[in-house]
Amino acid sequence: MSILLKKVWETMSTRLLSSSSTCYSDTDDQRKRNLDLMYEESDDLYNKYCYLTSTTGAFDKIPSDIFHQILKFLGPKESAKLTLVCKSWNLLVSDNRLWVFFLQNYNTHDYSTWDSIVFAEKHLRSGYPLLPPHQSPRLSFMSIYGQRSELTGSVIIDGGTGYCKFGWSKYASPSGRSATFLEFGNIESPMYSRLRHFFATIYSRMQVKPSGQPIIVSIPISQSHGTDSGKAARRQLKETIHQVLFDMNVPAVCAINQATLALYAARRTSGIVVNIGFNVTSVVPILRGKVMRDVGVEVVELGASKLTGFLKEKMQQKNMRFGSLYTVRTLKENLCYVAADYEEALSKNKQASFKVAGEGWFTLSNECFQTGEILFQPQLGGVNTIGLHHAIALCMNRCQAAEATVDGGWFKTVVLAGGTACLLGLPERLDKELRSLLTPSLSEGLRVLPPAYGAESAWFGAKTISNMSTFGETWCVTKKQFRRKS
Ligand SMILES: Nc1ncnc2c1ncn2[C@@H]1O[C@H](COP(=O)(O)OP(=O)(O)OP(=O)(O)O)[C@@H](O)[C@H]1O
């Protein structure tokens, strides 16, 4: 290390001597600018003072950017050792920007994006209930780096109602899909044995021992009804999940509902999550991570399976031959979209073609946008329910009426989730329809966000939590804690 520093020092000295314009040591102004970057969110006056008055002796002539460049070459382990040299080195090395770099480049088994790392560490550290941002402690990415690199990783199971996505939190994406626990065993078999069979199957597919790592399980949103029976069913499901997993010797369990996870994947802690699920669509208001069941979760009896069924019927009416529902789903995913203006799209009568592997070419015309249109006009698909935009507007009006918090307007952010929400044009059309339904005060500031990770949004939300530095202590329940609580 000293050789490296010496070399850089020599290079710097020569450059300083030979050129009067290309390289400067930190001027007072620069130092102040650096200070702002380092302590931008801090009211730690003592640290600011130390930084301005500290000295690294002869190394003071090296601009801090070059200094950081050297530390980047040295890597996190060696850099961390330098904090022990003296206070000045400690301050220089603990610079958050440096550890941001290390988190992005050295933590190679954690594919989290930088934005999601910052979001999680800033907003979710405390576990539930979430702390308001101004009460969160100042982040030290140096210690966050240390804590994150010690995490063993967790198993994540997002048990949707149609498909279950499972995988390892340190992987870039889910490694597999399976049927959900609802489809395990027969409908009469007790929930405990169905869940046990389900979890055992996933662990064996992943080829990991249940006792080796914590688990995050998502709870389907359809369990979010606010009635007493809904509450009891949800509690029973949650308890049975814990019971089964602890009986299988899983060391720690974190069970969270799908909507909240999808919200975290979009890097938000408050908003209205619209999850277009397999059978139903749920409109879930969430304030600082808490599902506002008192305000009301809207459930619309429209989901991905209805859209697939609609397209299948249309294709049959046109005497199109296809081998299985897989073909219809593939066409839906590749050719269908939501029209910005339904009537105008009808008048154009455009066509589009797609080749399904093993089946050949298919050409669709109006079905391309009619399939998605049933989300707005359910009657087109023979479904007697309200359109998605009406359900969301209803929810927003309720939120506004119930609002008693300082977080004004949190419900104006609409976060889409679920595979069907990937339909092109859906966020734009939803935005347009909502604006036509809402009062100007509600429309102002409205934002409709496309699904952060499509059908895998909840899985990625779970990944955001499980790779967080405080995951074990603040988000998980251990067997002992569970037994004590029970
Ligand atoms: N790009 C796409 N366009 C349209 N539909 C899509 C797209 N990608 C996936 N889907 C559809 O999304 C559906 C699966 O959605 P998803 O995996 O979110 O359901 P799920 O998680 O099982 O549902 P739930 O939220 O009820 O648990 C499938 O029908 C699939 O065809």
If you bin every alpha carbon distance in the stretch 99-160 into 5 Å steps from zero, what whole percent lands in each bin? 4, 15, 25, 24, 18, 11, 3, 0
How many percent of Cα pairs in the stretch 149-284 exceed 19 Å? 51
Would you mind calculating the relative contact order of the stretch 393-463 from Cα pairs under 8 angstrom and at least 6 residues apart, reporting the percent as a whole number? 42
Put +1 on the Cβ of every Lys and Arg and -1 on every Asp and Glu Cβ in the chain; which of ILE117, ASN96, SER169 then has its Cα farthest towards the positive end of the dipole? SER169
Starting from the alpha-carbon convex hull of the stretch 324-461, give the projected area averaged over all orientations, in nm². 10.4
Under 5 Å between amide H atoms, partner at least 5 residues away or on a different chain: which partners does VAL415 have, H built in plane at 1.01 Å? ILE272, VAL273, VAL274, LEU449
Find out how many positive minus negative residues lie around GLY382, taking Lys and Arg as positive, Asp and Glu as negative, among other residues whose Cβ is under 11 Å from that of GLY382. 0
What residues have an amide H closer than 5 Å to that of GLY160, excluding those fewer than 5 places away on the same chain, when H is modeled at 1.01 Å from N in the peptide plane? LYS165
Positive-pole candidate from SER305, LEU375, THR363, dipole of the chain, charges at beta carbon: SER305
In Å, what Kirkwood hydrodynamic radius results for the stretch 305-365 from the alpha-carbon pair distances? 12.3
Dipole of the stretch 164-222, Cα-centred, from +1 at each Lys and Arg C-beta and -1 at each Asp and Glu C-beta, to the nearest 20 debye? 240
Inter-part gap, Cα centre of the stretch 160-182 to Cα centre of the stretch 251-270, in whole angstrom, is 15
If you take the Cα atoms of the stretch 415-486, find Rg, then find the Kirkwood Rh from the mean of 1/r over all pairs, what is Rg/Rh? 1.22
When the charge dipole of the chain is computed with +1 at the Cβ of Lys and Arg and -1 at the Cβ of Asp and Glu, the Cα pointing farthest to the positive end, of LEU424, ASN105, GLY296, is that of ASN105
Starting with the highest mean, order 297-310, 337-350 by the number of other Cβ atoms within 10 Å, averaged over the residues of each peptide. 297-310, 337-350
Per residue of the stretch 150-155, what does 6.51 cos²θ - 1.76 cosθ + 1.60 with θ = phi - 60° give for ³J(HN,Hα)? Whole Hz please, x for Gly and Pro, Karplus curve as stated. 8, 5, 7, x, 10, 8
To the nearest 20 Debye, how big is the dipole of the chain about its Cα centre, given +1 on the beta carbon of each Lys and Arg and -1 on that of each Asp and Glu? 1220
For the chain, what is the calculated [θ] at 222 nm in deg cm²/dmol (nearest 500), taking -39500 (n - 2.57) for each run of four or more DSSP H residues and dividing by its residue count? -14000 deg cm²/dmol
At 37 °C in a medium of viscosity 0.692 mPa s, the stretch 288-339 has a Stokes-Einstein diffusion coefficient, with Rh taken as the Kirkwood radius over alpha carbon pairs, in µm² per second, of 244
Quotient of Cα radius of gyration and Kirkwood radius for the stretch 385-435, i.e. Rg/Rh, equals 1.01
If you take the Cα atoms of the stretch 220-354, find Rg, then find the Kirkwood Rh from the mean of 1/r over all pairs, what is Rg/Rh? 1.09
Taking Cα pairs closer than 8 Å and at least 6 residues apart, the relative contact order of the chain in percent is 15
Can you work out the Karplus-derived ³J(HN,Hα) for every residue in the stretch 266-278? Use 6.51 cos²θ - 1.76 cosθ + 1.60 with θ = phi - 60°, whole Hz, and x for glycine or proline. 7, 6, 9, 10, 9, x, 9, 8, 10, 9, 8, x, 6
Percent of Cα-Cα distances greater than 39 Å, calculated over the chain: 37
Table column - 3J(HN,Hα) (Hz), the stretch 318-330, Karplus curve with 6.51, -1.76, 1.60, x for Gly and Pro: 8, 6, 7, 9, 9, x, 7, 5, 4, 4, 5, 4, 5
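Quick note: the coordinates plus some simple rules give every number you see, no bench work behind them. Values in this document were obtained by computation on a predicted structure and should not be read as measured data. Using ideal geometry, Cβ is built from the backbone for each residue, glycine included, and neighbour counts are taken over all protein chains shown.
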